[in-house]
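One structure is given below, encoded as structure tokens.
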Amino acid sequence: MPIKMKIAATMIFVMSLVLWQTGCCSMAKRLLTVNFDPAEMTIAEIHQGYRNGTLTCERLLRAYLERIAAYDQPSKLNAIVVINAQALETARALDKEFLITRKLRPLHGIPIIVKDNFNTIGLQTSAGSLAMKGFIPKQDAWQVEKIKAAGAIVLAKSNMAEWAFSPKVTISSLAGETLNPYNLAHVPAGSSGGTAAAVAASFGTVGLGSDTGNSIRGPSAHTALVGFRSTLGLTSRYGIVPLYLRNDVGGPMARTVADAARILEVIAGYDPQDPLTAHCQGKVPENYLQFLMADGLQGARVGVLRILSEKDVHPEIKALFEKAILDIRALGAEIVDPVAIPDFAAVSANQWCSTFKHDINDYLAVFGQDAPVKNFAEIIASGKYSDYIKDDLLYFAENTGRDEKPDSPCLDVYNDPKRIAFRQAIEQVMDSLKLDAIIYPTWNQPPAKVGDFSGYRGDNSQLIAPHTGQPAFTVPMGFTSGNLPSGLQFLGRMFSEPTLIRIAYAYEQGTRHRKPPELFPPLR
């Protein structure tokens, strides 16, 4: 070892010993042991460890790999599809970079779990389909490119509901079914259930998921995570395998609001490859971390959307929601209860458009002969799909557009008259009542049991944000019987992420409902 490196190593050891003896950094004691477990560590804690010399990227990555090896397959959690064989090499390179520069990039050395529908250079991207097995893109999805540039390490790709079809379950023909880390007899919802289960069980620090109607917020609520569905047009959809492109959003799934905000800060902004992001220009703050305010509910006005919260609600979730309202008031907010949206049933009706066949054909056409299947017809003809999505595939083969009035145009959120009218109905009420956010349970029912497709009930995520384009965040709200997590959802105006971060962070810090799954404790 060169003399300079020996000196540096000695200095790091001395610094760590001082931290240990003085107790000025409790985390140092945890990290100075020969081995440690990274369960529940935040980005800020990890970066503190890098700066203090008590942690390296390589050491952190190996610890996450240990957790995956110990807990993913043996316990049948089944969250991970493929591990990045280059991850350790990337970690070593980042360690060398920090040794030289003494500067940390925004996500420097942060291992991230990425849903298997984000194009990722060097890693299989299958969207959960056997028909796409072995497909390795030559270009990253925009969001993957951005997190890598910020210093993140793509540790693994996670399982998902095949082609993102199901909000109910996370089952793929490629990898089987992912279970809920809090109770293996229950589902983590879909379609980003693999990312949710992996992040909840601390297989990585944070994750990326995608949300067409539910798929970031639903699984996050079922696994005691924070999930951000941001404003349509704030982040690029380029390189994410589409379901309904007009509704699709990619975004963070994390154990804390602060970590989710750090990811959003990196991925937000204009991408010329996604024309919808032109609408975010001039609307992205310099940073989102400035809105992490523990007193962020002081003086806020929060509305309660009873038309959702009272519909087929489980008594335990109703009790958690009523307690959340009391907590929000106690944290300094004024509660407006109830909030009524005029003609809600009418303005919310017939919003969905079936565009999968068109969107997947466009996606596959980009890859030409490199794609294992060239179009939707070849997906059907391959026979390589799970039984539970067969009816959906056959439906998409025969139907496009809206279920009712199929000749009505299916446009983006800024040009579709029905979507604009729905959004105006919501935001006009928010304006008239001077609301900062509207709240409702993310789910009105606990996670369904594995195999019980009829148990899928109470999903509130599908009803507003996917159609209006508004941002909606879910934050842990507590637990029901069986140690099953529940989530509280905050809906805001277009591009009001700063307000939602402020409010969601204050609620999180004031209630501290997040707790790790007992089935996946620290290894040491």
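At 222 nm, what helix-only mean residue ellipticity would the chain give, in deg cm²/dmol to the nearest 500, using -39500 (n - 2.57) for each DSSP H run of four or more? Walk me through the numbers on the way to the answer.
Values: 18 runs with 187 residues, N = 524.
Using -39500 (n - 2.57) per qualifying helix, the result is -10500 deg cm²/dmol.
Figure the gain on full extension for GLU404 and LYS515 (residue separation times 0.36 nm, minus the Cα-Cα span) and round it to one decimal in nm.
Details: separation 111, 0.36 × 111 = 39.96 nm, distance 4.37 nm.
Taking 0.36 nm per residue and subtracting the Cα distance, the gain is 35.6 nm.
Place a point 7 Å from the Cα of GLU286 along the Cα-to-Cβ direction; which residues of the range 462-505 have their backbone N under 19 Å from it?
Output list for this probe position: 497-499, 502.
Going toward the positive end of the dipole of the chain, with +1 on Lys and Arg Cβ and -1 on Asp and Glu Cβ, which of ILE83, VAL366, LEU130 do you reach last?
Positive-end residue among those listed: ILE83.
Give me SER220, SER408, SER129 ranked fewest to most by other Cβ atoms within 10 Å of their Cβ, as a rough exposure proxy. Walk me through the numbers before you get to the answer.
On the way: SER220 40, SER408 14, SER129 25.
Lowest count first: SER408, SER129, SER220.
With a point put 7 Å past each Cα toward its Cβ, work out how far LYS76 is from ARG306 in nm, to one decimal.
Each label point is offset 7 Å from its Cα along the Cβ direction, giving 4.4 nm.
Measuring from label point to label point, each 7 Å out along Cα→Cβ, what is the ALA397 to ILE420 span in nm?
For the pair ALA397/ILE420, the computed spacing is 3.8 nm.
Grab the beta carbon distance between LEU411 and LEU99, set R0 = 41 Å, and tell me the FRET efficiency rounded to 0.05. List each step's numbers first, then the result.
On the way: r = 51 Å, r/R0 = 1.26.
That pair, LEU411 with LEU99, gives E of 0.20.
Could you please state, rounded to a whole Å, how far the C-alpha centre of the range 438-464 is from the C-alpha centre of the range 101-145?
29
Is there a pair in LYS96/LYS138; LYS168/LYS357; LYS146/LYS323; LYS138/LYS405 whose C-alpha atoms are over 30 Å apart, and which pairs would that be? Let's see the in-between values first.
Values: LYS96/LYS138 26 Å; LYS168/LYS357 21 Å; LYS146/LYS323 39 Å; LYS138/LYS405 40 Å.
LYS146/LYS323; LYS138/LYS405, as the Cα separations exceed 30 Å there.
Return the sequence-ordered ³J(HN,Hα) values of the range 68-82 in whole Hz as given by the Karplus equation 6.51 cos²θ - 1.76 cosθ + 1.60 applied to θ = phi - 60°, using x for Gly and Pro.
4, 4, 7, 10, 6, 7, x, 8, 6, 4, 6, 8, 9, 9, 8
When only Cα pairs under 8 Å and 6 or more residues apart are kept, what is the percent relative contact order across the chain?
16
Starting from the 7 Å offset along Cα-to-Cβ, what nm value, one decimal, do you get for the label separation of GLN86 and GLN139?
Rounded to a tenth, the inter-label distance reads 1.7 nm.
Residue by residue, what Karplus-based ³J(HN,Hα) values in Hz, rounded to whole numbers, does the range 221-227 have, using 6.51, -1.76 and 1.60 with θ = phi - 60° and x for Gly and Pro?
5, 6, 10, 6, 10, 8, x
What does the range 353-402 give for Rg and for Dmax, in Å, if only its C-alpha atoms count?
11.1, 32
Using DSSP to call loops (not H, G, I, E or B), can you name the trypsin sites (Lys or Arg not before Pro) in the range 60-140 whose Cβ has at most 16 other Cβ atoms within 10 angstrom? All intermediate terms of the calculation are to be shown ahead of the outcome.
Working: sites: ARG62, ARG67, LYS76, ARG92, LYS96, ARG102, LYS103, LYS115, LYS133, LYS138; in loops: LYS76, ARG102, LYS103, LYS133, LYS138.
Sites meeting the loop and neighbour criteria: LYS76, ARG102, LYS103, LYS133, LYS138.
Neighbouring Cβ atoms within 10 Å as the yardstick, rank PHE520, PHE367 fewest first. All intermediate terms of the calculation are to be shown ahead of the outcome.
Working: PHE520 21, PHE367 16.
Neighbour counts put them in this order, fewest first: PHE367, PHE520.
What is the antiparallel percent of DSSP beta bridges lying wholly in the chain, to the nearest 5? Working shown, then result.
Numbers: 34 of 49 bridges.
In the chain, DSSP labels about 70 percent of beta bridges as antiparallel.
Can you give the extra length, in nm with one decimal, that the chain gains between LYS390 and ASP295 once fully stretched, where that is 0.36 nm per residue apart less the Cα-Cα distance?
29.3 nm
Using a cut-off of 11 Å between beta-carbons, work out the net charge of the residues near TYR388 (Lys and Arg +1, Asp and Glu -1, TYR388 not included).
-3
If neighbour count is taken as other Cβ atoms inside 10 Å, put HIS467, HIS279, HIS222 in order from fewest to most. Please list the in-between numbers first.
Numbers: HIS467 25, HIS279 19, HIS222 31.
Ordered by Cβ neighbours within 10 Å, fewest first: HIS279, HIS467, HIS222.
Among residues other than VAL339 whose Cβ falls under 11 Å from its Cβ, what is the net charge (Lys/Arg +1, Asp/Glu -1)? Display every interim value, and only then the final one.
Details: positive: ARG301, ARG306; negative: ASP337.
Taking every Cβ under 11 Å from that of VAL339, the sum is +1.
Around PRO285, under 14 Å between beta carbons, what's the net of Lys plus Arg minus Asp minus Glu among the other residues? Each step should come with its number before you reach the end.
Working: positive: ARG262, LYS283, ARG502; negative: GLU265, GLU286, GLU497.
Net of charged neighbours comes to 0.
Which of the aspartates and glutamates could a cross-linker span from LYS515 if the Cα-Cα distance has to be under 13 Å and same-chain partners fewer than 8 positions apart are dropped?
Of all the aspartates and glutamates, those that pass the test against LYS515 - Cα under 13 Å, at least 8 places apart if same chain - are GLU40.
Any idea what % of Cα-Cα pairs in the chain are farther than 34 Å?
Numbers: 46185 of 137026 pairs.
Above the 34 Å cut-off, the chain has 34 percent of its Cα pairs.
For a Förster distance of 22 Å, can you work out the FRET efficiency between the beta-carbons of ALA346 and LYS434, rounded to the nearest 0.05? Each step should come with its number before you reach the end.
Working: r = 25 Å, r/R0 = 1.14.
The calculated FRET efficiency here is 0.30.
Once you charge only the Cβ atoms, +1 for Lys and Arg and -1 for Asp and Glu, what is the size of the charge dipole of the chain about its Cα centre, to the nearest 20 debye? Walk me through the intermediate numbers first.
Working: 52 positive and 51 negative charges, 321 e Å.
With Lys and Arg at +1 and Asp and Glu at -1, about 1540 debye.
Coordinate-derived values only; no laboratory data. What you are looking at is a predicted structure, and each value in this text was computed from that prediction instead of being measured. Positions of Cβ are backbone-derived with ideal geometry, glycine not excepted, and every protein chain shown enters the neighbour counts.
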